[in-house]
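Some notes on the structure that comes next.
Read-outs throughout are calculated quantities, based only on the coordinates presented, and are distinct from any laboratory measurement. What you are looking at is a predicted structure, and each value in this text was computed from that prediction instead of being measured. Cβ placement follows ideal geometry from the backbone for every residue including glycine, while neighbour counts extend to all protein chains displayed.
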Amino acid sequence: MFIRPNTYGKTMNHLDYEQVINAAARDMNEGFCINETCGANSLGVEPDAKEHRCHVCQEFTLYGVQQVLIMMENG
Ligand SMILES: [Zn+2]
């Protein structure tokens with residue numbers, strides 16, 4: 001499933017804003033999968049990464065913390 005930009009807000013309910021802020025603060029290149037059926041997090045993801053492939057669900061829904069925060073703040 002490809003997630004369109006205008007649906008980001010609805011598909012990120014499983015991600016907690018504070019969890020993402022904390023990951024950003026750790027500065028360990030953590031990324032989050034925004035797939036509503038997944039929600040995995042991974043290391044080695046640049047903060048500004050977009051649409052990387054998630055190793056868990058295999059969808060291109062893995063984003064860096066900065067990108068996830070931007071989407072949450074605007075979603
Ligand atoms: Zn995933």
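A few notes on this one:
- Charge context of Asn22, other residues only, Cβ under 13 angstrom, K/R +1, D/E -1: -3
- Extension gain, Asn74 to Lys50: 0.36 nm times the residue separation minus the Cα-Cα distance gives 7.1 nm.
- Given R0 = 35 Å, the distance between the Cβ atoms of Met28 and Gln58 translates into a calculated FRET efficiency of 0.90.
- Listed from fewest to most Cβ neighbours within 10 Å, the set Ile70, Ile34 follows the order Ile70, Ile34.
- Taken one residue at a time, the phi angles of region 37-48 give Karplus couplings (6.51, -1.76, 1.60, θ = phi - 60°) of 9, 10, x, 5, 10, 9, 9, x, 10, 4, x, 9 Hz. Gly and Pro are set to x.
- Region 17-74 - convex hull of the alpha-carbon atoms, volume per residue in Å³: 67
- Exposure proxy order (Cβ contacts within 10 Å, fewest to most) of Met71, Met28: Met28, Met71
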